[in-house]
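Working notes, beginning with the structure itself.
Since every read-out is calculated from the coordinates, none of them should be taken as a lab result. Worth saying up front: this structure is predicted, and the values here are computed from it rather than measured. All Cβ positions, glycine included, derive from the backbone under ideal geometry; neighbour counts span all protein chains shown.
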Ligand code: KG4
Ligand code: ZN
């Protein structure tokens, strides 16, 4: 039996989670999102200061929620990248201090592996092989997974420009909807018509070259929305933000799910995970559920609060690494903001 504490500070959420042998005992989260709203995006200096101010309180709260004392913790895991450098520095420094003071092993972990591991807290160990679609503010990737803690992750495809979450955030701004854009667009889309605006499905269809089979591109879609908004402004036609939001969301979801299902079929893999902040999107979850069922694919998507950044996911990947018997990372590592 071992208890792993995980710390996440790669962006604007300060999260601590505590996991014992694959079971989440408790977690706590603080967010500086409110401080970024007026800038329309995360301001790194503001986020880093907020981490510094809240990290000790979040630690205390997570221990209380998990009903665990610090001296019961056996290992500490921390996000070392990718993410905002100044935010990562706060987390890595704090985790080093905790590990040194407690004389416990410290593990530097990859943020994206954490997003995937979050799912194991709810749905148990991963099968031998699976496909993961990672969709967040910084990533849109299709990955082929084996054992998360020990096997290399095979990278099938990535976005050529904006990440899916970034596209949601930018399109929300174009429509005058508040940051973060994903939840705002989802809310607006609830009363919109997804067929109202004819938007492209980038890199989808028979004409797409093999090298782009699993690649994504969302900047053209964003530009198409921008042109629609400009046209409405020029002609004085009323802009139906709900219809544009619904049409945009439908296009993104269509591309993501089509490519993820194709990746499963091509590799003869029958489990698909969808993780990362955009996996909280209700329309994505529902379309993926329908299409996976039709294709005989088992879909695994964590509960929305485990999709967006949190400390539990870092404790989860830390726990898997501890159980794999891997060596701790020591104290010499730094933050790797652009970790591949
Ligand atoms: O994983 P995450 O919390 O942070 C990163 O690692 O980037 O993802 C944040 C992203 C933001 O772009 C946000 O707009 C998007 O996830 N997001 C959503 C939803 N909730 C969060 N996108 C679409 N629909 C949602 N419900
Ligand atoms: Zn993330």
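When you restrict to C-alpha pairs under 8 Å that are six or more residues apart and normalise by the size of the stretch 29-95, the relative contact order lands at 35 percent. Were the residues from residue 209 through residue 232 laid out at 0.36 nm apart, the gain over their Cα-Cα distance would be 4.9 nm.
Model label points for residue 34 and residue 151, set 7 angstrom from Cα along the Cα-to-Cβ axis, are 4.4 nm apart.
Let me make sure I get this right: for the stretch 46-90, a, b and c are the square roots of the gyration tensor eigenvalues over alpha carbons, sorted descending. Under 1.5 in a/c it's rounded, otherwise prolate if a/b > b/c, else oblate. Which is it? Cα axes put the stretch 46-90 in the oblate bin.
A simple spin-label model places pseudo-atoms 7 Å from Cα toward Cβ; at residue 195 and residue 239 they are separated by 2.6 nm. Estimated from the Cβ-Cβ distance and a Förster radius of 25 angstrom, the FRET efficiency linking residue 187 and residue 338 is about 0.15. Taking 0.36 nm per residue of separation and subtracting the Cα-Cα distance, full extension of the segment from residue 305 to residue 268 would add 10.3 nm. Overall form of the stretch 12-133: oblate. Here a/c, set by the Cα gyration tensor axes a ≥ b ≥ c, is 1.5 or more, and a/b is not larger than b/c. Here the simple spin-label model places points 7 Å from the Cα toward Cβ, and for residue 74 and residue 323 these points are separated by 1.1 nm.
Reducing the stretch 260-307 and the stretch 159-197 to their Cα centroids gives an inter-centroid distance of 20 Å. Applying 1/(1 + (r/R0)^6) with R0 = 30 Å to the Cβ-Cβ distance of residue 282 and residue 219 gives a FRET efficiency near 0.75. For the chain, the longest principal axis of the C-alpha atoms and the axis of helix 85-102 are separated by about 20°. Based on the Cβ-Cβ distance of residue 65 and residue 158, what FRET efficiency does E = 1/(1 + (r/R0)^6) give at R0 = 56 Å, to the nearest 0.05? Efficiency for this residue pair is about 0.95.
With respect to the chain, whose longest principal axis is taken over its alpha-carbon atoms, helix 311-324 is tilted by about 60°.
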